[in-house]
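Structure, as structure tokens:
The values are calculated or read from the model by the stated rules, or taken from the named source; none is laboratory data. If you're wondering where the values come from, they're calculated on a predicted model, not measured in any experiment. No Cβ is skipped: glycine too gets one built from the backbone with ideal geometry, and neighbour counts run over all protein chains shown.
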Amino acid sequence: MHFLLIYEVGPEYVERRAEFRKEHLALAWEAHLRGELVLAGSLADPVDSVILLFQGDTSAAAQRFAAADPYVLHGLVHRWRVRPWITIVGADAATPAHA
């Protein structure tokens, strides 16, 4: 199953993230190497959200990630939530559906 970890960030995010970026990226690459984090990145124009795509049986990996993320711990993330994402089309869809 897939889960979206959605961060809502404020206007200070872009200028403040450099201080915590190395630690954040290390955490993200570790989660990726464990097979938990599939893709991650920020939305542009404006940069007001960050989306991280996790996979697993439960949302636990996404929850743990947010709890340990320096962006969350240092207030760059104003609000976060995890949403199940029912993927149905594509090679990596968790629940493929065909016409």
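Here is a yes/no grid of residues against (1) among the basic types (Lys, Arg); (2) under 11 Å from the mean Cα position of the chain (by Cα):
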{"site": "Leu5", "(1), (2)": "no, yes"}
{"site": "Gly10", "(1), (2)": "no, no"}
{"site": "Val38", "(1), (2)": "no, yes"}
{"site": "Val50", "(1), (2)": "no, yes"}
{"site": "Gln63", "(1), (2)": "no, yes"}
{"site": "Asp69", "(1), (2)": "no, yes"}
{"site": "Arg81", "(1), (2)": "yes, yes"}
{"site": "Ala94", "(1), (2)": "no, no"}
Out of curiosity, is Phe65 modelled with pLDDT of 95 or more, assigned to a helix (DSSP H, G or I), crowded, with 16+ Cβ neighbours inside 10 Å and of a type in the set (A, V, I, L, M, F, W, C)?
yes
Which residue pairs have Cβ atoms under 6 Å apart, sit 6 or more places apart or on different chains, and have a first residue in the range 85-98 that is free of Cβ contacts under 8 Å to residues at least 24 places away in the same chain and a second that is surrounded by 12 or more Cβ atoms within 10 Å (Cβ to Cβ)?
Ala93/Thr87
The range 74-99, residues that are loosely packed, with under 14 Cβ neighbours inside 10 Å, out of contact with any strand residue (DSSP E or B) (no Cβ under 7 Å at 6 or more places or on another chain) and under 21 Å from Glu30 (Cα atoms):
Asp92
From Ala26, Ala31, Ala18, which residue is in contact with a helix residue (DSSP H, G or I) (Cβ under 9 Å, 6 or more places away or on another chain) and either surrounded by fewer than 17 Cβ atoms within 10 Å (Cβ to Cβ) or not acidic (Asp, Glu) (or both)?
Ala31
Could you please tell me which pairs satisfy a Cβ distance under 8 Å, a separation of 6+ or placement on different chains, a first residue in the range 18-34 that is of a type in the set (Asp, Glu), and a second residue that is at pLDDT 95 or above?
Glu19/His74; Glu23/Pro70
Restricting attention to the range 20-38, does a residue exist that is of a type outside the set (S, T, N, Q), touching a Ser or Thr at 6+ places or on another chain (Cβ under 6 Å) and modelled with pLDDT of 95 or more?
no
In the range 43-54, which residue that is in contact with a helix residue (DSSP H, G or I) (Cβ under 8 Å, 6 or more places away or on another chain) and in a strand (DSSP E or B) is nearest to Glu12 (Cα to Cα)?
Val50
Can you tell me which of His32, His24 is in a helix (DSSP H, G or I), of a type outside the set (Val, Ile, Thr) and touching a Pro at 6+ places or on another chain (Cβ under 7 Å)?
His24
